[in-house]
Amino acid sequence: MSVASDAGTSPSTAPTVWPQLERLLPLISKPIQYVGGELGATVKDWDTASVRWALMYPDAYEVGLPNQGVQILYEVLNELPDVLAERTYAVWPDLEKLMREHGVPQFTVDSHRPVGAFDLLGVSFSTELGYTNLLTALHLAGIPLSAVDRGAGDPVVVAGGHAAFNPEPIAEFIDAAVLGDGEEAVLEITEIVRRWKAEGSPGGRDELLLRLARTESVYVPRFYDVDYLPDGRIQRVVPNRPDVPFRVHKRTTMDLDAWPYPKKPLVPLAETVHERYAVEIFRGCTRGCRFCQAGMITRPVRERSITTVGQMVAEGLEFSGFREVGLLSLSSADHSEIGDICSGLATAYEGSNVSLSLPSTRVDAFNITLAEELSRGGRRTGLTFAPEGGSERIRRVINKMVSEEDLIRTVVTAYTHGWRQVKLYFMCGLPTETDDDVVQIARLAHEVIKAGRQATGSKDIRCTVSIGGFVPKPHTPFQWAPMSSPEVIDNRLRLLKQAINSDRSLGRAIGYRYHDGQPSLIEGLLARGDRRVGAVIRRVWEQGGRFDGWSEHFSYQRWIDAATEVLPAFGVDLDWYTTREREELEVLPWDHLDSGLDKDWLWKDWQDALSEYEQDDCRWTPCFDCGVCPSMDTEIQIGPSGRTMLPLTPVSGNGLRVPAEAR
Amino acid sequence: MTPKRQPEANQEPVVQRIRIRYAKRGPLRFTSHRDFARAFERAVQRAGVPIAYSQGFTPHPRISYASAAPTGTGSEAEYLEVGLRAVVDPDDLVKALDAALSPGLDVLEAVEARGGALAERIDASHWRIELPGTDPEAVDRAVAAFEATAEVPVSRLTKQGTRTFDARGPVVRISAAAAPSEGDGRTCAILDLVVRQVTPTVRPDDVLSGLRVVADLELPVPPRAIRLAQGSLTAQGELVDPLFADRDGAASGAPPV
């Protein structure tokens with residue numbers, strides 16, 4: 001293509017900061033992440049846009065760029081003729097320092113405009129550990145940290161993503177939060193802003209926020225007051241004005257075939273964590289794993305049909321040039337037509353050097369059948385099974401229904417089908433967990449290796465045991481559960497390591513990966529925190545806290561110090577938020593935010609967990625009354641559709657796609 | 001036991017090799033070589049180029065790079081070679097690949113390879129280096145001092161640690177002029193430089209370090225370097241186009257800038 005004009009001309013309202021930024025880029029690492037210019041990126045005319053969104057993923061570009069949520073909203077918004085959406089990501093400390101020295105504000109990567117000049121700043125939080133990065137971005141943008149200090153010229157800061165289901169810890173810093181699916185929500189918000197601006201912005205910022213709040217699906221924290229009991233618990237959360245709803249409801253996009261995004265995936269120039277065309281094959285999950293917030297808050301299950309999946313993959317690959325396809329969902333092997341999807345894609349791309357992957361962690365032989373089908377083209381992807389808990393008892397507590405016998409049989413099947421290595425994923429710190437539950441993981445891994453060696457007659461098989469730290473999340477049956485202290489977690493991880501290596505022959509065949517307990521405790525503080533935790537976040541940020549999801553940047557001590565400094569004034573402390581068990585009648589900070597789940601059902605499921613009683617999946621067994629479908633007026637949408645994947649048009653001649661009008 | 005799987009030799013053979021000149025321009029000069037290589041592999045897919053693959057468990061597209069301008073420097077003259085499993089018209093290949101790459105990564109010309117190795121036809125680089133905010137006379141003096149010195153040791157941090165090497169010896173030609181900057185249009189010093197490619201490579205940055213060593217030349221803002229040409233150096237100090245030997249009035253895309 002022709003030479004890019006260096007960022008071009010721009011109106012005085014939001015001049016590009018490219019000339020200033022360009023001089024800083026030679027001085028920092030990986031400058032390409034701040035340059036933009038990706039395939040799929042859109043730069044629209046600033047002046048003619050009536051609503052302008054800056055979309056932020058509050059982590060480094062390499063993590064943020066592949067994020068599906070931001071890509072979808074970016075494309076949906078930019079398809080509107082009078083709307084402009086640009087992206088911004090967290091800048092690394094080396095650039096942050098230079099930006100402060102040279103007065104360069106937080107900018108978008110698309111046309112390098114100052115974030116402060118946009119109408120809206122939408123921030124997608126997949127994890128609570130991005131909160132400090134939000135503060136950095138606001139501060140660099142020149143936007144007051146506290147929403148109440150913002151004026152007419154400041155963007156409306158809107159939080160979304162899974163963490164927005166409890167935005168209370170960042171309530172002070174955001175103007176609004178949207179719960180649930182974003183596709184339709186951003187359009188509704190855009191329309192409200194468009195109309196309000198066209199009317200001459202009547203009533204200022206307050207009126208705009210009020211109009212958003214009246215939709216009943218946008219939460220505006222400033223319109224709600226929180227009262228506390230003398231012992232520190234919440235007494236109630238109530239609207240402080242008569243015209244806003246008592247509860248705010250999540251959004252659910254029902255027909256995924258009507259929203260086949262991303263159509264034009266962003267193709268980064270920089271190296272990122274995922275370099276593939278990802279298509280969400282269904283949304284929601286009803287397996288009912290009690291630790292899984294995603295599974296709880298995204299109900300009901302809504303499948304994308306086999307024909308839409310096939311078409312999206314074909315067009316996505318053609319547009320992007322990616323050679324890898326990920327069929328994403330919370331449990332991809334559960335799609336009602338997954339077998340036909342896999343064989344259809346494997347046939348379509350056989351011999352094309354495209355690799356297909358199905359990130360499913362289901363522990364059964366069907367998973368292996370699918371993986372074999374997908375690797376027909378030659379490239380074999382890794383296999384991960386997630387029993388999550390080491391003992392049958394703890395698996396009943398978390399509702400991950402897999403017997404030890406099934407697990408061993410499944411892994412051995414993988415070995416006999418040619419996989420020499422499998423990954424087993426577990427959690428540590430689960431409710432009611434004992435040392436023994438964790439040490440059982442070692443025994444299970446030993447059994448897997450023994451059985452695998454016997455079945456294959458080979459010593460050349462391995463498994464990797466990967467341990468994640470459990471964090472209780474809002475809107476799950478474990479929202480009342482006490483966390484274990486990092487000392488307890490770290491001791492269990494040590495015991496597990498000893499147990500794995502207690503047999504040297506077997507231990508050599510087992511890899512062991514884990515994270516220590518400290519970051520999980522802080523994630524737990526942020527996940528189940530209330531508005532008082534905002535003061536801790538602010539203090540940590542002031543003390544230099546950045547990129548808390550990165551072990552090399554995370555400082556446990558900084559969080560401990562800030563919590564110790566700030567929380568006693570409220571009569572609470574870090575333990576109160578983390579290792580304390582909540583009671584049934586306690587008002588939880590997110591009770592006024594409606595994920596559709598019935599709180600009584602969640603409590604009952606929590607009691608079932610404690611009595612080790614399992615719950616079936618409503619996709620295959622009768623409704624178990626979690627409450628989502630009736631309260632949200634939704635229903636499960638699954639196939640099989642009975643349709644088949646359309647064959648791809650074969651490429652004729654040498655296949656070269658020469659543009660008609662070469663530039 | 002299941003025998004270890006050996007991949008079948010199922011990839012189609014190479015029937016045509018094409019050599020390509022491309023540019024890294026504007027903001028996309030901040031792509032590293034790895035960034036460019038990933039983008040190019042995807043462009044090959046998007047453009048429907050009948051690329052050939054290597055054999056083995058993880059087949060790789062047959063693309064070999066003859067050069068890699070440092071991250072942050074622009075270039076009008078980078079070279080690579082692709083192996084194809086079907087014959088294409090080099091002109092069409094230029095158009096298809098250029099349309100498939102981001103603006104700023106621009107495919108300029110392509111010729112069918114006639115043998116020989118591309119890398120052997122490249123032993124020197126011609127650079128244009130803008131020094132925004134500098135006094136052209138001070139730069140003139142520094143250049144004169146640099147030229148008058150037989151050896152100018154400079155240091156650079158590499159993956160192996162700090163290395164010290166001579167930045168003067170490989171410099172075949174260096175001169176300074178005053179001209180408007182391509183960045184902000186203001187007059188500044190512009191270096192014209194021809195450097196022989198040796199190991200370790202003497203980059204524009206190293207020559208600028210050399211000017212600092214011999215004449216304390218400090219740069220108020222980072223320089224903007226552009227590689228104008230690469231090729232083999234003649235006795236007269238000129239560069240011979242590395243595609244010259246493959247060309248017979250062959251395809252050429254956008255003219256060099």
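So the values come out like this:
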{"item": "Calculated P(r) of the stretch A:538-663 - Cα pairs past 26 Å, %", "result": "61 percent"}
{"item": "log₁₀ of I(q)/I(0) at q = 0.10, 0.12 Å⁻¹ - chain A, Debye sum with one point per alpha carbon", "result": "-1.01, -1.48"}
{"item": "Number of partner chain Cβ atoms within 10 Å, mean per residue of A:19-31", "result": "4"}
{"item": "In degrees, nearest ten, helix B:33-46 long axis to first principal axis of chain B (Cα)", "result": "40 degrees"}
{"item": "Share of carbon and sulfur in the accessible heavy-atom surface of the protein assembly as shown [1.4 Å probe, %]", "result": "50 percent"}
{"item": "Protein accessible surface hidden between B and A, which excludes ligands and nucleic acids, total in Å², probe 1.4 Å", "result": "3900 Å²"}
{"item": "Alpha-carbon centroids, the stretch B:73-140 and the stretch B:21-53: separation in whole Å", "result": "11 Å"}
{"item": "Ranking by accessible area, most exposed first, for A:Ser352, A:Ser360 with a 1.4 Å probe", "result": "A:Ser352, A:Ser360"}
{"item": "Lysines with Cα under 18 Å of A:Lys604, excluding same-chain neighbours fewer than 8 positions away", "result": "A:Lys400, A:Lys473"}
{"item": "Sites A:Asp625 and A:Arg508 - FRET efficiency at Förster radius 51 Å, r taken between beta-carbons, to 0.05", "result": "0.55"}
{"item": "Separation in nanometres of the label points that stand 7 Å from Cα toward Cβ, at B:Leu157 and B:Val15", "result": "5.1 nm"}
{"item": "Per residue, in Å², the accessible surface of the protein assembly as shown once ligands and nucleic acids are set aside, probe 1.4 Å", "result": "40 Å²"}
{"item": "Summed residue charge, Cβ within 11 Å of B:Asp206's Cβ, Lys/Arg positive, Asp/Glu negative", "result": "+3"}
{"item": "Cβ neighbours within 10 Å from other chains - mean over A:317-326", "result": "3"}
{"item": "Relative contact order %, chain A, counting alpha carbon pairs below 8 Å whose residues are six or more apart", "result": "14 percent"}
{"item": "Per-residue mean of C-beta atoms belonging to partner chains within 10 Å, peptide B:33-45", "result": "4"}
{"item": "Helix B:204-215 axis, angle to chain B major axis (alpha carbon atoms, nearest 10°)", "result": "10 degrees"}
{"item": "Unpartnered cysteines - no second Cys beta carbon under 4.7 Å - across the protein assembly as shown", "result": "A:Cys285, A:Cys342, A:Cys428, A:Cys463, A:Cys618, A:Cys623, A:Cys626, A:Cys629, B:Cys188"}
{"item": "Protection proxy ranking of A:172-185, A:423-436, B:157-170, B:52-65 - average other beta-carbon atoms within 10 Å, highest first", "result": "A:172-185, A:423-436, B:52-65, B:157-170"}
{"item": "Rounded to 5, the percent of DSSP beta bridges in chain A classed as antiparallel", "result": "20 percent"}
{"item": "CD proxy at 222 nm, helix term only [per DSSP H run n ≥ 4: -39500 (n - 2.57); per residue of chain A; nearest 500]", "result": "-10000 deg cm²/dmol"}
{"item": "Area accessible to solvent at A:Glu586, 1.4 Å probe radius, in Å²", "result": "10 Å²"}
{"item": "Relative packing of peptides A:625-635, B:34-44 - highest average C-beta neighbours within 10 Å first", "result": "B:34-44, A:625-635"}
{"item": "Nearest-ten-degree value, helix B:136-147 long axis tilted from longest Cα axis of chain B", "result": "80 degrees"}
{"item": "Neighbourhood charge, 13 Å Cβ-Cβ cut-off, centred on A:Ala213 and excluding it, Lys, Arg +1 and Asp, Glu -1", "result": "0"}
{"item": "Summed side-chain charge close to B:Pro70 - residues other than B:Pro70 whose Cβ falls under 12 Å, Lys, Arg +1, Asp, Glu -1", "result": "+2"}
{"item": "Helix runs (DSSP H) in chain A reaching 20 Å along axis by Cα, Kyte-Doolittle at least -1.0", "result": "A:183-198, A:306-320, A:435-456, A:486-500"}
{"item": "Enclosed volume per residue, in Å³, of the convex hull spanned by Cα atoms of the stretch B:124-239", "result": "106 Å³"}
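The values are calculated or read from the model by the stated rules, or taken from the named source; none is laboratory data. Just so it is clear, the structure is predicted and the values come from calculations on it, not from any experiment. All Cβ positions, even for glycine, are placed from backbone atoms using ideal geometry, and neighbour counts span all protein chains on display. Just the protein is used for accessible areas: all its heavy atoms, side chains included, with ligands, DNA and RNA removed. Shrake-Rupley method; radii C 1.70, N 1.55, O 1.52, S 1.80 Å.
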